[in-house]
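The block underneath contains the structure these notes are about, expressed in structure tokens.
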Amino acid sequence: MKKEHVLHCQFSAWYPLFRGVTIKRDDPPTHSQPDSDDEAEEIQWSDDENTATLTAPEFPEFATQVQEAINSLGGSVFPKLNWSAPRDAYWIAMNSSLKCKTLSDIFLLFKSSDFITRDFTQPFIHCTDDSPDPCIEYELVLRKWCELIPGAEFRCFVKENKLIGISQRDYTQYYDHISKQKEEICRCIQDFFKKHIQYKFLDEDFVFDIYRDSRGKVWLIDFNPFGEVTDSLLFTWEELISENNLNGDFSEVDAQEQDSPAFRCTNSEVTVQPSPYLSYRLPKDFVDLSTGEDAHKLIDFLKLKRNQQEDD
């Protein structure tokens, strides 16, 4: 995966090519960076020369334009940056949803999201090329809010402009209708891919998400890079890159045709799992301790427990 592949998956890069088959969006203006620290941070000095009161910056024009954009889309929007939406922060919102009606709703989700932080700080984290990081103009993307059923969302993997795999997006839950309609779902997605996506995206290898509504119509939701930065869901990246065992134990559609993609879904309620976003509700220190990702924190924790035992 190269940096240009990541850039091609920015919303503004692909939306003009596929606006007819995806959900409507609006374009609030991007807010330029302040020219100096004085503009970004207003300091109000008190009578005590040793203390100062910091006032949060305000952008009244930007806030007004964003609210106008929200109103033009029906009053409720789904927010995201160039690549990511704050899916990991939905729990902090008053409505436990990504549905936003004001700029304050958007700010709350964005500042609480690790996904948004990664867009700002590590957009090219898994890229293999050593070229300098390109300059990025960050965008606030507002899309018309639609009540989407998680069981109707699917992630599709494309290699060399060939659809090689389809995965249930909400793989932590079992949906009976997917098991019963798997062949029809697979056929609808294949038809949509061949008609609207194939040879039209900027790269040969990519991932795209779709939504199939109750009428059987397929809608494009988003594009993602073909690589580890994108969740492979019920596949592994080793399988997708090598194309080995794609129609193995988890396959739900017999590959009767050579071009038929592997289709994977949660087969029964026995395999239901907790939401992968639950860990984002916990302090990062707790998560690192439970997973062993930070050895230093684990060592400190064990030392603390040993000292407590010695004191007892």
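Bear in mind these aren't lab numbers, they're just calculated from the coordinates by the rules spelled out. It should be emphasised that the depicted structure is a prediction, and the values quoted were computed from it without experimental measurement. We place every Cβ from the backbone using ideal geometry, glycine too, and count neighbours over all the protein chains shown.
Among residues other than GLU184 with Cβ under 11 Å from its Cβ, the summed charge is +2 (Lys and Arg +1, Asp and Glu -1). Percent of C-alpha pairs per 10 Å bin in segment 126-206, short distances first: 13, 32, 35, 16, 3. Restricting segment 116-199 to trypsin sites (Lys or Arg not before Pro) that sit in a DSSP loop and have at most 11 other Cβ atoms within 10 Å of their own Cβ leaves nothing.
Here is the tail figure for segment 58-142: Cα pairs spaced more than 20 Å apart come to 40 percent of all pairs. Note that segment 205-210 has calculated 3J(HN,Hα) couplings of 10, 6, 10, 9, 9, 10 Hz, one per residue in order, obtained from phi through the Karplus relation 6.51 cos²θ - 1.76 cosθ + 1.60 (θ = phi - 60°); glycine and proline are x.
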